[in-house]
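Undergrad: Pasting in a structure now, in structure tokens, and then I'll have a few things to ask.
Here, each number is a calculation from the coordinates, and none is a lab measurement. If you're wondering where the values come from, they're calculated on a predicted model, not measured in any experiment. Every residue, glycine among them, receives a Cβ derived from its backbone with ideal geometry; neighbour counts consider all protein chains shown.
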């Protein structure tokens, strides 16, 4: 059974109650101070009360939306305007702000746990969704909570993609899976004024026993490839030797030169020992060369010549 978790980036609520801004405080203080001054002049408390009431009403009118925000204004329950960024005014007790929509890029991480692939392998997949609101009006009016809705759309799309994809395709075709997942989520969230920037799969976890089996399979494949390469190299060497033998067969001088080079390479190091088959000595005429090479080797090593024993 698939278990899916979703974690959204921390951000301010779209329906939060905001404290009064500077303009609203000024709008409250002007009638309040004017009423207080009038009360001081006339000695009647009525102007102060009226000033306080007007200030309280004026306090509700000025609103400030930040650069990345859009405010959805409803007038008597019906959509009236989308305001922001900057300063705007609403009619107190008639207009209301139903939502503050954040139009920055939002990240949502979600994970599908123990979800079966098309070849019935349980996997855990971690992914990150990058998305933003391109139409604040739709995001506020067409769906109750667009953040939670996008999260559910992402997790459902991830489960659908995993369910119709084999494990091999999931591991090797990650970029294709991400593109397909992005297109599916974008198709579902576009009617809500949301667009998906990208989807990235962070990790794919498979069962430990299956990991061991795949590791052994990969090791066996590498060993097989190594043996094939070694066999091909042996075939190429044998073919080269065959071609060289044909050349030496018709040119004895070249064969002797090659024999001398072999002896030189084998005996140029001090104290070296070289074994030559007797058949090579006979076929290549290396008897005299071997004697000269032995004498030279004796000279290099400084071994005294063994005197002949007299009877």
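Undergrad: Between residue 130 and residue 205, how many nm apart are label points set 7 Å from Cα along the C-beta direction?
TA: Taking the simple label geometry, residue 130 and residue 205 are separated by 2.5 nm.
Undergrad: For 248, 146, what ranking results if the residue with the fewest other Cβ atoms within 10 Å of its Cβ goes first?
TA: With the fewest neighbours first, 248, 146 line up as 248, 146.
Undergrad: Still on this structure, I have one more. Measure out, as a whole number of angstrom, how far apart the alpha-carbon centroids of region 180-210 and region 70-123 sit.
TA: 19
Undergrad: Convex hull over the Cα atoms of region 208-250, averaged projected area in nm²?
TA: The number I arrive at for region 208-250 is 2.3 nm².
Undergrad: What list do you get for 94, 23 if you sort them by fewest beta carbons within 10 Å?
TA: So the residues, fewest neighbours to most, are 94, 23.
Undergrad: Oh, and also: Which FRET efficiency value, to the nearest 0.05, do you get for residue 81 and residue 228 by plugging their Cβ-Cβ distance into 1/(1 + (r/R0)^6) with R0 = 51 Å?
TA: Once rounded, the FRET efficiency stands at 0.10.
Undergrad: Please give the length that would be gained between residue 41 and residue 96 if that part of the chain were fully extended, namely 0.36 nm times their separation in residues minus their C-alpha to C-alpha distance (nm, one decimal).
TA: Result for the pair: 16.1 nm of gain on full extension.
Undergrad: Calculate the FRET efficiency for residue 217 and residue 240 from the Cβ-Cβ distance with a Förster distance of 35 Å, rounded to the nearest 0.05.
TA: Once rounded, the FRET efficiency stands at 0.50.
Undergrad: With a 10 Å Cβ neighbour count serving as the proxy for reagent exposure, in which order, fewest first, do 147, 195 appear?
TA: Sorted ascending by nearby Cβ count, the order is 195, 147.
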